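Since the structure comes first, as structure tokens, the remarks are kept for the end.
The values are calculated or read from the model by the stated rules, or taken from the named source; none is laboratory data. Since the structure is predicted, the reported quantities are computational estimates derived from the model, not experimental observations. Note that we place each Cβ from the backbone using ideal geometry, even for glycine, and neighbour counts take in every protein chain shown.
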Amino acid sequence: MKKGAWTLLRAMNAAAEADLLDAEKALGLLDARPAPVLRRRRILRTALLAAVLSALFVGTAYAVWRIELSQKLTPSVVVGEIGAPPTETAEQKYYLAEYGLADSPEARASQEMWDYYWSYTERRGQECLDRGLGYYDWIDEDGDWYAGDPELEALFTIYSASNREMAEKILEIRDRYGLKLHSRETVSPSQEEFYALSGVEPFYFPPSGEETVPCKIIYEDGSFVLEGGLETEEGSSPFVLTRNLPGVLPAGSLLVDYPEEYEQWEAVNRFGNSLSFALRSRYPDPGAFTENAPEMDHLLVFYEQEGVSLTLTVGPTMDCLSRADAEALADCFDFEKACGK
């Protein structure tokens, strides 16, 4: 039991008998009290405390679990389209924290790493263009720079380090924030292997009854990435479910723009998971965002439990997603089971 709940319980247990009698009467418990009075009184006191605590916790459950989208975002150096010169009207983009909130070491290290990655890529690409070369010709300058070194190979395959200079920068960021790096990733393991490596029970239950996730990546610490498609009334929407654990620099990051256009709320899915939703939707008007270009709906669902962060991303999709659609999609996952014990 959390400290605050225990303190409240002790305070209520010390309430005056007269106050408890009044509360019992209001709840309709007093008239039903048979002899022996003292023994029944203790039972009723317990029932009363449980009823009041239950009401309090039900009333505040959303507040406890609420995760605001703004708490998960850090600004990016990326403005407008990646690889294209920014325009005066280009929107600022934000990194979505894969673990914890934006002020966590994992999120701040990830922001620094990806800011460096995009800035470095843009600078080196422009240098190649100025010399009459291809934009990505600089990547081949070091050859197989990672060969024979497991740590460098992990930086190349998992963290997209394109040369030794980028790898050294990522190691510097890792050390500054006191984090570890993923050392191994297993791509598309079998369903049995996936659950054995992650240490979780089956948690994916789509309406189709097909529980096999087609694309899976799992890391050495049990963090994972699942990708697939979820059926809605409008069609199939692509989804990504990520599980991230503390103390490790996340291997990826999602860019989010127009955060002010997301509707946010809390809901409990059919598995009893208290979830935070953020939905950018054109529903019911497909032209709600703009009349000049096709826009996409985008859903984010957050769940945190005992140091594990889960993020469900649906879209971007041309389907118009309503709040009911969003909650139905979240019903496909038992987030508590996905966190593990």
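For E266, the conditions (1) of a type in the set (D, E); (2) surrounded by fewer than 16 Cβ atoms within 10 Å (Cβ to Cβ); (3) in a strand (DSSP E or B) all hold with the exception of (2).
Of the set (1) at pLDDT below 90; (2) closer than 30 Å to F277 by Cα; (3) in a helix (DSSP H, G or I), all apply to R39 but (2).
I'd like to know if the stretch 195-205 contains one or more residues that are free of Cβ contacts under 8 Å to residues at least 12 places away in the same chain and among the acidic types (D, E). No, every residue in the stretch 195-205 fails to be free of Cβ contacts under 8 Å to residues at least 12 places away in the same chain and among the acidic types (D, E). Testing E172 on (1) under 22 Å from L241 (Cα atoms); (2) surrounded by fewer than 15 Cβ atoms within 10 Å (Cβ to Cβ); (3) at pLDDT 90 or above, one condition comes back false. Which one is that? Going through the list (1) under 22 Å from L241 (Cα atoms); (2) surrounded by fewer than 15 Cβ atoms within 10 Å (Cβ to Cβ); (3) at pLDDT 90 or above, E172 breaks only (1).
Table: residues versus (1) over 26 Å from L279 (Cβ atoms); (2) assigned to a helix (DSSP H, G or I).
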| site | (1), (2) |
| --- | --- |
| A147 | yes, no |
| F156 | yes, yes |
| R174 | yes, yes |
| P202 | yes, no |
| T212 | yes, no |
| G222 | yes, no |
| E227 | no, no |
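The residues in the stretch 304-320 that are in contact (Cβ under 8 Å) with a residue 40 or more places away in the chain, under 19 Å from the mean Cα position of the chain (by Cα) and buried (at least 16 other Cβ atoms within 10 Å of the Cβ) can be counted, and the count is 10.
Has the stretch 270-287 got any residue that is under 18 Å from the mean Cα position of the chain (by Cα), assigned by TED's automatic domain parsing to the domain that holds V200 and surrounded by fewer than 18 Cβ atoms within 10 Å (Cβ to Cβ)? Yes: the stretch 270-287 contains one or more residues that are under 18 Å from the mean Cα position of the chain (by Cα), assigned by TED's automatic domain parsing to the domain that holds V200 and surrounded by fewer than 18 Cβ atoms within 10 Å (Cβ to Cβ).
Against the numbered list (1) surrounded by fewer than 13 Cβ atoms within 10 Å (Cβ to Cβ); (2) out of contact with any strand residue (DSSP E or B) (no Cβ under 7 Å at 6 or more places or on another chain), F205 comes up short only at (1). Scanning the stretch 175-193 for residues that are at pLDDT 90 or above and crowded, with 16+ Cβ neighbours inside 10 Å turns up Y177, L179, L181, H182, E185.
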